[in-house]
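The values are calculated or read from the model by the stated rules, or taken from the named source; none is laboratory data. Quick caveat, the model's predicted, so the values are computed rather than measured. Heads up, the Cβs are rebuilt from the backbone with ideal geometry, glycines too, and the neighbour counts pull from every protein chain shown.
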Amino acid sequence: MSQQPSTDNAPVCRTDEEWRERLSPEQFAVCRCSATERAFTGRFWNHKEAGTYTCVACGAALFSSKTKYDSGSGWPSYREPVSKDAVTEHVDESHGMRRVEIKCARCDSHLGHVFPDGPPPTGLRYCINSASLEFVPDA
């Protein structure tokens, strides 16, 4: 997608029916139902281009390619979001685990999880589903 990241910070609220019209079935399952794509299958897990990763649902800027790294996990991984206000964190105790779920702060779409096993300087690994992302290359 070649559009620029959204600079509008207004919350985006839609019904499930409206989300289904805007998102592919896989994007809907990940973003609205907290599904997870299989490792090493998403279009961005091994993506190396310079630019900004945005929310597929609302276009909000989420992650910079400058903070992306190969975690070996099979999902796109980042050291930090573009700003502390870009994502929200939620305790996720599903599947018999305790994890920290990451959602888009603008539209509440599920993105993935953050783990405390990343590289310096943050020590964090934002493990994100490709299906929840779009990419805007640097000009």
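From the list Tyr53, Tyr69, Tyr78, the one residue that fits, being farther than 29 Å from Asp16 by Cβ and aromatic (Phe, Trp, Tyr), is Tyr69. On the phi < 0 side of the Ramachandran plot and modelled with pLDDT under 95: does that describe Lys84? Yes; evaluated as a whole, the condition is true for this residue. Filtering the stretch 29-50 for residues that are in a strand (DSSP E or B), in contact with a Pro (Cβ under 9 Å, 6 or more places away or on another chain) and farther than 25 Å from Glu17 by Cβ leaves an empty set.
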